[in-house]
Amino acid sequence: MLLRYTFQRLLMLIPVSISISIVIFMIVHLLPGDPIDNLLRIGSSPEDREALVARYGLDRSLFVQYFTWIGNLFQGDFGQAIVLRRPVIDLIGQNLPYSLVLGGLAFAFSSIVGMSLGIISSVVRNPIIDRLVRGFILLGSTVPGFWLALLLILFFAVNLRWFPVSGAGGWDSLVLPVLTIGFGGVALVARVTRVALMDARREDFVMLLHAKGLSHNTILFRHLMPHALLPVVTILALRIGWILGGAVTVEFVFGRPGLGSLLIRALGQRDYPVVQGCLLMLALAVMLGTLIGDIAQAAMDPRVREAKT
Amino acid sequence: MSMLSVRDLGVAFGSIHPLSGVSFSVDRGQTIGIVGESGSGKSLTAMSVMGLLPLIGGRITDGNIEFDGQDLTNLPETAYRKLRGGRIGLITQNPMTSLDPLKKIGPQVDAVAILHLEMTPKEARARTEDILETLRIPEPALICDRYPHQMSGGMKQRIVIAMALAADPDVLIADEPTTALDVTVQAQIIRLLDDLVKERDLALVLITHDMSVVAQTCDKVVVMYAGRALEFGTVETIFDAPQHPYTQALIGCIPRGGDGTAKLDGIPGTVPTVMNYPKGCPFHPRCTRAQEICTTTQPEFTSYGDSAAACHFAGVAP
């Protein structure tokens, strides 16, 4: 049952991927400017320019360019970076691990801390703790990442000198970026967990669980948590996409290499193949996250499993 | 000595007192019916006996609940937990929502025997299948592997009953066990409960708003209204000679067959909410016999052989 469901979901990714590739291609090519300007030496003639445009195939129709790109993609060829003059796949391969480590750690941090906070605030019936957690949630949901990054750098890196200001040296250089990205995630996950747990507690069947003589802890961990996890897992799955995409500005502020930094640089230079490649990776991450979320949802809830197959 | 006896029970939520002066008792092999319209405090009575009031923010303020000679009103939670599901079973109103939708049927029933009879999961499953069999559920082993949403309401209610029976309790509290079910299934469930009382020598507290169910199955009745008991006694006396006007009205509401011209009776007005219980006799705003005294003074119980009614005019010919 679950296998069939997974297969169906995978099939549905095909039309989605095609639409996404079109959107990415159009957005990138409809931007004003082109990469050739970055290649021209001062004093070049219009003829020089045309020669370069022809060399990179930019004089052909968008239609032809799109299908050339897609055709090459199917052969595993992401194309050649125009300004950076290297295969796009190499650039991505070089930067992706940094983003994965940073995003993965931030994801783990926000999942674990967020869920713990959510559980604590809904289980511990202490108004002070609850208010503290709720205040934190409000703060975390509203403070923008780049601003928080600057604050953290100022306090922990410049004043206290505990961590490096920027770069991707040792493990200590990861602490501030992970905190920055994780902060918003912690707040979001905590909020969803808290509300989901309180909703689960109000379900009718909880009364009967108590009537069976089960202890509060058994009811909480065996019955309420699985219910509360359903919305939490959905939120977490959506954030899997964020592992790569959410770090774009933060990578930039901390001067870390990564997919985000690469993308921002390539965007500035209108380096079409690189921008397309990066955006495609981000879109893939989001699709993968959604897919994982849906499958997890079906694995956890028999009702979903049946309704969707 | 009664298996379960409730004396002068009063319940409060903060400063609101939705329940007061409720008394009844039930022996092994006996069924007591608690009847009344919705909002009369029947379910609250069940919650009090189960010790589940704190869960919804309530507490017992008056009277006591005695189970097998043991006072439950001040019983610590850990000791209460052994009784709940172990010696007192609960059947709730809506079988559609009373099972955990994410868990299979088997484990949900097994949990009771594992907890209270200290069985291994394997023993518990064998017991579960036995119980399902006695509840006339076809192919118990298959059912155990199903999820709640894959079964009908009547089937789910049997599962809930199986859960209540799993630890071989002495008392069963059934809170409107048939209200949410199809009429065809209602009779089956009621008969099933009736059989269980006889076969297992259970004491059954049957909460219902259906006087005809009471007439069929109960030995004793308590009629409740607006959080109070208005009349109690044996089924025979209550049905032969109801003293309280409310009881009379409830009995009048039982549809009788016949030539098809008979009109269905109702009781005019509505049950007061907790926030505005009337002064004096709680039923007086809807009572056809209400006088001046009914609006000011709460009537005491007067006995009439096997029953007692709290009405100023009980025993007085209308």
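The values are calculated or read from the model by the stated rules, or taken from the named source; none is laboratory data. What you are looking at is a predicted structure, and each value in this text was computed from that prediction instead of being measured. For neighbour counting, all protein chains shown are included, and Cβ atoms are generated from backbone atoms with ideal geometry for every residue, glycine included. Side chains included, ligands, DNA and RNA excluded: accessible areas come from the protein's heavy atoms. Shrake-Rupley method; radii C 1.70, N 1.55, O 1.52, S 1.80 Å.
When its C-alpha radius of gyration is set against 2.2 N^0.38 Å (N residues), the stretch A:160-204 gives a value of 1.84. Which listed residue (A:L102, A:G118, A:P177) has the Cα farthest towards the positive end of the charge dipole for the stretch A:96-269, taking +1 on Lys and Arg C-beta and -1 on Asp and Glu C-beta about the Cα centre? Working it through, the farthest residue towards the positive pole turns out to be A:G118.
The residues of the stretch A:96-269 have, on average, 47 Å² of accessible surface per residue, using a 1.4 Å probe with all protein chains present. Partner shielding of B:89-102 amounts to 5, given as the average count of beta-carbon atoms from other chains within 10 Å of each residue beta-carbon. The heavy atoms of A:F155 offer some 110 square angstrom of accessible surface to a 1.4 angstrom probe. Can you give the FRET efficiency to the nearest 0.05 for B:S303 and A:H216, using r as the Cβ-Cβ distance and R₀ = 41 Å? That gives a FRET efficiency of 0.40. Note on A:E50 and A:I14: their simple-model spin labels are 4.4 nm apart, each label 7 Å out from Cα toward Cβ. Ordered by solvent-accessible area of protein heavy atoms (1.4 Å probe), largest first, the residues A:W162, A:W147 come out as A:W162, A:W147.
Peptide A:200-207 shows a mean partner chain C-beta count of 5 within 10 Å per residue C-beta.
Contact order for the stretch B:96-166, expressed relative to its length and based on alpha carbon pairs under 8 Å spaced 6+ residues apart, stands at 46 percent. When nucleic acids and ligands are ignored and a 1.4 Å probe is applied, B:E236 ends up with an accessible area of around 110 Å². For the stretch A:96-269, the alpha-carbon coordinates run over 65, 31, 26 Å along the three principal axes, in decreasing order. Starting from one equal scatterer on each C-alpha and no solvent at all, send me the Debye-based log10 I(q)/I(0) for the stretch A:139-238 at q = 0.11 Å⁻¹, two decimals. Scattering profile of the stretch A:139-238, log10 relative to I(0): -0.52. As a calculated quantity, the FRET efficiency between B:T120 and B:D182 at R0 = 41 Å, using C-beta atoms, amounts to about 0.65.
Quick check on the stretch B:96-166: take the gyration tensor over C-alpha atoms, sort the square-rooted eigenvalues as a ≥ b ≥ c, and tell me if it's rounded (a/c under 1.5), prolate or oblate. Because a/c hits 1.5 or more and a/b exceeds b/c, the stretch B:96-166 counts as prolate. Alpha-carbon geometry of the stretch B:181-221: the Rg and the Dmax are 10.2, 28 Å, given in that order. Straight-line cross-link reach from B:K198 at under 26 Å between alpha-carbon atoms covers these lysines, not counting any fewer than eight positions away in the same chain: A:K212, B:K42, B:K82, B:K156, B:K220. When a 1.4 Å probe is rolled over the protein heavy atoms, the share of accessible surface on the stretch B:96-166 that falls to carbon and sulfur comes to 55 percent. For A:V178, the accessible surface of its heavy atoms amounts to roughly 20 Å² (probe 1.4 Å, protein chains only, rounded to the nearest 10).
Per the Cα gyration tensor, the protein assembly as shown maps to an equivalent ellipsoid with semi-axes of 69, 26, 23 Å, ordered largest to smallest. For the chain pair A and B, buried accessible area totals roughly 2200 Å², probe 1.4 Å, rounded to the nearest 100.
Give me the Kirkwood hydrodynamic radius of chain A in Å, from all C-alpha pairs, to one decimal place? Radius from the Kirkwood sum: 22.3 Å. Ordered from largest to smallest accessible area (heavy atoms of protein chains, 1.4 Å probe), the residues A:M26, A:M1, B:M119, A:M287 come out as A:M1, A:M26, B:M119, A:M287. In the stretch B:205-309, Cα pairs under 8 Å separated by at least six residues give a relative contact order of 26 percent. Given R0 = 51 Å, the distance between the Cβ atoms of A:F155 and B:V274 translates into a calculated FRET efficiency of 0.40. Computed over protein heavy atoms with a 1.4 angstrom probe, the accessible surface ordering of B:D110, B:D265, A:D294, largest first, is B:D265, A:D294, B:D110. Note that chain B carries a Kirkwood radius of 20.6 Å, evaluated over its alpha carbons pair by pair.
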